[in-house]
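Participant: Shown below is the structure under consideration.
Quick note: the coordinates plus some simple rules give every number you see, no bench work behind them. Because the structure is a prediction, the values reported are computed rather than measured. A quick note on method: Cβ atoms are made from the backbone with ideal geometry, for glycine too, and the neighbour counts reach across all protein chains shown.
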Amino acid sequence: MSAEKKPVFAGNWKLFGSLAESLALAGDVQTGVTGISDAVVIVAPSFLAITSVVARLKDGPVAVAGQDCYWEAKGAFTGQVAAGQLKDAGCRYVIVGHSERRATWPVNAPFASQ
């Protein structure tokens, strides 16, 4: 038997909200979706708020996502976040491939012809 497909509603908070504002918004979202069982509701707070928001939403109907992740599990990748780190922080989802995170290399880049 296959799992029932549900619509997904996700809010990407981008670079908005202090920790206190993120916790307040998480609480408001949780209250606002009380009783909704026919959809998946996800919030994607800034990286620094993830663990606090996960704790705030614990055992509730709202899931937490990372806003992006890096493809390497470990290494010297300053400022990046690995998928395993997000999972460890309590995220169940991650937004991958957002247009703001994608980059295209200029045609005249020195390595483009190599």
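Participant: Using only Cα atoms, tell me the angle between helix 19-32 and the longest principal axis of the chain; keep it within 0 to 90° and round to the nearest 10.
Facilitator: Value to nearest ten degrees: 50.
Participant: How about K14: which aspartates and glutamates have a C-alpha closer than 13 Å to its C-alpha, ignoring those fewer than 8 places off in the same chain?
Facilitator: D68, E100
Participant: Another question about this same structure. Read through the labelled values (i) 32; (ii) 36; (iii) 46 and report the label of the one computed as percent of Cα pairs over 24 Å apart from the structure.
Facilitator: (ii)
Participant: Can you give the extra length, in nm with one decimal, that the chain gains between K14 and S37 once fully stretched, where that is 0.36 nm per residue apart less the Cα-Cα distance? Working shown, then result.
Facilitator: Values: separation 23, 0.36 × 23 = 8.28 nm, distance 2.59 nm.
Gain on stretching K14 to S37: 5.7 nm.
Participant: At most 12 other C-beta atoms within 10 Å and a DSSP loop state: those are the exposed chymotrypsin sites (Phe, Trp or Tyr not before Pro) I care about. Give me the longest piece of the chain that has none.
Facilitator: Value returned for the longest uninterrupted segment is 17-70.
Participant: Lys and Arg at +1, Asp and Glu at -1: add these up for the other residues within a Cβ distance under 13 Å of A65 and post the number. Walk me through the numbers on the way to the answer.
Facilitator: On the way: positive: K14, K87, R92; negative: D68.
Local charge sum for A65: +2.
Participant: What's the local net charge at G17, with K and R +1, D and E -1, over the other residues with C-beta under 15 Å away? Walk me through the numbers before you get to the answer.
Facilitator: Working: positive: K14, R56; negative: E21, D28.
My count for the surroundings of G17 gives 0.
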